[in-house]
1. Quick one: net charge of B:GLN27's neighbours, Cβ under 15 Å, K/R +1, D/E -1?
2. Averaged per residue, what accessible surface does chain B expose to a 1.4 Å probe, in Å²?
3. Calculate, for chain A, the solvent-accessible area per residue in square angstrom, rolling a 1.4 angstrom probe over the heavy atoms of the protein chains.
4. On C-alpha positions alone, give me the angle between the axis of helix A:39-49 and the longest principal axis of chain A, in degrees, nearest 10.
5. Could you sort the residues of segment A:37-71 by number and keep only those whose accessible area is reduced by 10 Å² or more in the all-protein-chain setting relative to the chain alone, 1.4 Å probe?
6. Chains B and A: what accessible area do they bury, summed, in square angstrom to the nearest 100, with a 1.4 Å probe?
7. Can you give the angle from 0 to 90° between the axis of helix A:12-23 and the longest principal axis of chain A, with both taken from C-alpha atoms, to the nearest 10?
8. Here are some pairs, B:LYS339/B:LYS366; B:LYS23/B:LYS401; A:LYS23/B:LYS95; A:LYS54/A:LYS220; which of them have Cα atoms lying more than 32 Å apart in this structure?
Amino acid sequence: MSYVLIIGAKSDIAKATAREYAKHGYDLYLAARNVSELEEFVNDITVRTQRTVKPVELDILNYESHQSFYDQLGEKPLGVISAIGYLGDQDKAQSDFSEAKLIMDSNYTGVVSLFNIIADDFEKRRSGFIVGISSVAGDRGRKSNYIYGSAKAALTAYLSGLRNRLYDSRVHVMTVKPGFVATKMTEGMELPKKLTAQPEEVAEDIYKAQQKNKNVLYTKWMWHWVMLIIKAIPEWKFKGISI
Amino acid sequence: MSLMSWGMYPKIKSSVFSYDNEKVLKQIIEEHDELIPYGNGRSYGDSALGANIVNVKPHDYFIDFNEKSGLLHVQAGVLLSEILESFVPRGWFLKVTPGTKFITVGGAIASDVHGKNHHVEGCFSECVKEFTIMTTDGEVVTCSKEAPPELFRATCGGMGLTGVILDAKIYLKKINSKYIDQTTIKTNNLKETFAAFEEYKALPYSVAWIDCLAKSDEIGKCLLMAGDFKDDGKLDYKKKGKLSIPFNFPSFALNNWSVRAFNWLYYGKVKERVSKQKVDIDTFFYPLDAIGHWNRIYGKNGFTQYQFILPKYASYQGLEEILKAISDSGKGSFLAVLKLYGKANENYLSFPIEGYSLALDFKIEKGLFELLDRLDEIVVQYKGRIYLTKDVRVSKETFEKGYPQIEIFRQYRKENKMDTKFQSLQSKRVGI
Ligand SMILES: Cc1cc2nc3c(=O)[nH]c(=O)nc-3n(C[C@H](O)[C@H](O)[C@H](O)COP(=O)(O)OP(=O)(O)OC[C@H]3O[C@@H](n4cnc5c(N)ncnc54)[C@H](O)[C@@H]3O)c2cc1C
Ligand SMILES: NC(=O)c1ccc[n+]([C@@H]2O[C@H](COP(=O)([O-])OP(=O)(O)OC[C@H]3O[C@@H](n4cnc5c(N)ncnc54)[C@H](OP(=O)(O)O)[C@@H]3O)[C@@H](O)[C@H]2O)c1
């Protein structure tokens, strides 16, 4: 079988997803910055699954490098999954624009730059899948993380447009909206147990949903309903709530 | 952080320490006392609980596998279930596995776990070529049965009290099927049960489910399941979806009558004295893993497992007495598992000795600990011992009487300054 390209491969969700795809017989390109840190993990998947796993260096903020990054992949991947994200510091981002910009660029601009290149190739080939990990935080802006939320909202809109554009070329685009996931990003936060997924659960959900060509995936599933309720609260009321 | 293990009792507040690399772990060990490694929390009692917990499970990398020898090198946080997922399809299985696959390799070594084949293959430590462990001063030691032998004997079965196991090399065994030919033998009393164990001793895997509520001359009646792997080349083993108990049952759900009904259903379903089945790995080895969080059926107060072993010569009499005491108490045990064990190994605190062991689950409720204290007396009287990895309440005296090598273990810990560095609630309770 052929390669799946995983972007932001050092993320806990990405690692679980990489294992999931390798388990199902896919070879992998794992792209991350300081990718040498992934050496032991690359070996882990190889020992577990006997698949070919190739680490590739990628900084999502280095836009100029994206074309050559994609060109250097010998065999082009059948699909790409991006787990890149940066939660950042909301308070800091409110007063320090460089933090706000880093949040927007890491979650949105950088991904757009790379996905544009990949989407063109897949469109020409008339095959492939593109999975972007956005967030429920993009469904409605909240005071506790609206800079991050707005970047994810932009990514969600981008992915839905891309899905629309590539429909005729039979390239499938899936938007993943995790709720809480126990990863490095959320380490130290007190998360409600029932609503918090382990990275492995998210990975399984992504694999299954992608295989079924789902458009939007909420994970855990109950986040779909949680967000329906949150989105249904009228703005005049919402603005007064502390969440 | 609030923590508990499989019995959901006790629930305690602990500080949890995670580490990215050995340097960080070394620092944690240097700066804190009363540390205890935590694997996947499938021990029933308080052996993985304490003031300061070292979280090993995230360290779950596979490092190497040798197709020729079957030697697998993994980090200590790898779950047995992950090993099965990768290696059963390639024709390999664990040499020794307990009744759940959701335990870490570190936890398997620390409890020196055993399976249905103890009478043939012994404990988990038999398949361990070597492991590395970070001990008191943050030093990383590579340890095998040969060198240093004391550390090996103290660590296998040592309940995390010698340091943090980092990785291990373990031998897998070749199989050529994911199916097991199972023979089920239905017996009417303890005498028949013992005879059945002896009769089927040649089969590598065997275990019996006992009806604990049986009275008078039916005491000890059971379903004995014995078997071995088939040889049909079918190895397409996959992870199964599972049911889950979503919340704690109200604690009255598991009263005497529901246990009675369960035992009766289980036992009553089997009609012939001897019957044959073809079952897969998960059904045979891990029947309870099919239902996630089954521990919640005991309600929010939690439960405990009482597992003891008696030397062979005293097993019959001792078991009869204990089963009678349980039956008289009317306290239901959902699960009662009886097993014949082979010879003991040299590890200081490994549980198995040659004889019969019984494991029973009890809901935590008023009067339970009094009953278990009475059972302890019978166990001690017949020179038996209690399994630490299941225990949450045994007294120092009962524990010490069962483990004659305890002084060697204590001395070893003291000499190597492990006694203050590594401590669990359990080690404090039983004074080790
Ligand atoms: C349904 C069920 C069935 C079971 N059946 C059996 C059976 O048939 N036979 C059997 O022997 N046991 C059985 N057990 C018990 C279980 O196998 C042991 O308790 C095992 O040790 C649990 O491993 P864990 O990874 O969950 O460790 P934990 O429960 O987290 O810890 C158990 C002990 O190991 C220590 N430990 C964990 N990781 C490390 C490490 N890296 N370094 C040093 N010490 C460490 C802890 O300090 C603690 O003392 C069963 C348990 C369940 C829930
Ligand atoms: N955890 C949650 O609760 C949650 C909820 C909803 C959505 N999500 C989303 O899920 C995705 C995965 O997150 P996670 O929870 O697994 O967190 P994570 O471990 O922090 O992963 C984020 C990854 O993005 C990478 N990254 C950030 N900036 C980068 C850059 N400039 N170039 C290359 N890589 C960069 C990081 O790389 P480094 O390792 O090099 O820093 C990190 O590996 C993210 O998109 C996140 O927003 C998470």
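The values are calculated or read from the model by the stated rules, or taken from the named source; none is laboratory data. Source: prediction; values computed, not measured. Every residue, glycine as well, gets a Cβ built from its backbone with ideal geometry; the counts of neighbours run over all protein chains shown. Areas reflect the complete protein model, heavy atoms only, side chains present, ligands, DNA and RNA absent. Shrake-Rupley method; radii C 1.70, N 1.55, O 1.52, S 1.80 Å.
1. With Lys, Arg at +1 and Asp, Glu at -1, the net is -4.
2. 41 Å²
3. I get 48 Å² per residue for this part.
4. So the inclination is approximately 70 degrees.
5. Checking the loss per residue gives A:GLU40, A:PHE41, A:ASN43, A:ASP44, A:VAL47, A:ARG48, A:GLN50.
6. On the way: alone 18170 and 12220 Å², together 29270 Å².
Result for this pair: about 1100 Å² buried.
7. 40 degrees
8. B:LYS23/B:LYS401
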